[in-house]
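The values are calculated or read from the model by the stated rules, or taken from the named source; none is laboratory data. Only a predicted model underlies this, so the values are computations on that prediction, with no experimental measurement involved. Every residue, glycine as well, gets a Cβ built from its backbone with ideal geometry; the counts of neighbours run over all protein chains shown.
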Amino acid sequence: MGKYKAIISDVDGTLTPIVPQAVPSEKATKKIKELSQKGMLFSLASGRPFFLLEYLTKHLSLTTPIISDNGAVIIDGNNGSVIWEKNLPNNEAQEIINMIPEETLTRLSCDSINLENPQDVPQNVKIRKVSIHDLTHELADLLIKQVEDKFKNLAVVKSASYKSEKFADVYFSHAEATKQHAVLKYSQILNISPKEIIGIGDGYNDFSLLIACGLRVAMGNAVSELKAIADYIAPPQNEDGIIDIIDRFT
């Protein structure tokens, strides 16, 4: 085995197309499954909750720890149990929701379900993140300022909406619920150095993933800001860039 011992890849726009239940191409799937024969670990780090990733872990036969909810949770790939988590306090989630403009698409990512446009935060669930979708960039910036003025200890991610780059999505979570924090915990769990991990991504929420890893890889379709911090720019997702990365660095 070479310099690197693990690959942690984002999912949407990196490993798969941005469509529900998408999987990598047949060639990419085969290449990923062959990594274990080299003694190489392969894991996912996604903004999705785990219950929307489980089908993909089964498709790829993954048993490694899986990072979900933008880094709020690490799941045991063997049995689906929680290894590590950083949740947003329910009362803070409620106050954030109270600040969101009416008629705005809002999702509350919980430990076992996504709630859409909730008015009241349930007290019997663990809150991974609050997601607000399809805001104008001006409204997104205003909301971020209002929330950050009230709460000084949050992780905030703003990204272009899947609907259109003219709109923005905003995610609020616990300050330590980032892909960077999760990668550092992942490395402790598996007793490897972050410098021995290849991080791969395409979006704004992948900054914290790449920053934590020894080799930073941006996809050819990645946002320009992510490409600017990358050590290597791979072919885009729709050209099976993951195969190029595996062939080049493992």
Please go through segment 187-197 and give me each residue that is part of a helix (DSSP H, G or I) and either within 13 Å of Thr64 (Cβ to Cβ) or without any contact (Cβ under 8 Å) to a residue 40 or more places away in the chain (or both), ordered by number.
Ser187, Gln188, Ile189, Leu190, Pro194, Lys195
Can you name every residue in segment 178-202 that is surrounded by fewer than 24 Cβ atoms within 10 Å (Cβ to Cβ) and of a type outside the set (Val, Ile, Thr)?
Gln180, His181, Leu184, Lys185, Ser187, Gln188, Leu190, Asn191, Ser193, Pro194, Lys195, Glu196
From the list Leu226, Leu184, exactly one residue is assigned to a helix (DSSP H, G or I) and more than 19 Å from Val156 (Cβ to Cβ). Which is it?
Leu184
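Table: residues versus (1) assigned by TED's automatic domain parsing to the domain that holds Phe207; (2) assigned to a strand (DSSP E or B); (3) out of contact with any Leu (no Cβ under 9 Å at 6 or more places or on another chain); (4) surrounded by 19 or more Cβ atoms within 10 Å (Cβ to Cβ).
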position: Phe42; (1), (2), (3), (4): yes, yes, no, yes
position: Gly47; (1), (2), (3), (4): yes, no, yes, yes
position: Lys58; (1), (2), (3), (4): yes, no, yes, no
position: Thr63; (1), (2), (3), (4): yes, no, yes, no
position: Ile67; (1), (2), (3), (4): yes, yes, no, yes
position: Asn70; (1), (2), (3), (4): yes, no, yes, yes
position: Gly77; (1), (2), (3), (4): yes, no, no, yes
position: Gly80; (1), (2), (3), (4): yes, no, yes, no
Kindly state which strands (runs of 3 or more DSSP E) lie completely within segment 111-169 and contain at least 2 residues that are buried (at least 16 other Cβ atoms within 10 Å of the Cβ) and touching a residue at least 40 places away in the same chain (Cβ under 8 Å).
127-136, 154-160
Among the candidates Ile189, Ile242, residue that is at pLDDT 95 or above and either over 29 Å from Glu92 (Cβ atoms) or touching a Leu at 6+ places or on another chain (Cβ under 9 Å) (or both)
Ile242
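Are any of the residues in segment 141-154 within 25 Å of Gly80 (Cβ to Cβ), among the aliphatic types (A, V, I, L, M) and over 16 Å from the mean Cα position of the chain (by Cα)? Can you show your working first?
Step one: list which residues in segment 141-154 are within 25 Å of Gly80 (Cβ to Cβ), which gives none.
Scanning segment 141-154, I find no residue that is within 25 Å of Gly80 (Cβ to Cβ), among the aliphatic types (A, V, I, L, M) and over 16 Å from the mean Cα position of the chain (by Cα), so the answer is no.
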Return yes or no: is Ser112 of a type in the set (Gly, Ala, Ser) and within 17 Å of Leu190 (Cα to Cα)?
no
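Report, by residue number, each residue of segment 157-181 that is hydrophobic (A, V, I, L, M, F, W, C) and over 13 Å from Lys129 (Cβ atoms).
Narrowing segment 157-181 to residues hydrophobic (A, V, I, L, M, F, W, C): 157, 160, 167-168, 170, 172, 175, 177.
Ala160, Phe167, Ala168 - these are the residues of segment 157-181 that are hydrophobic (A, V, I, L, M, F, W, C) and over 13 Å from Lys129 (Cβ atoms).
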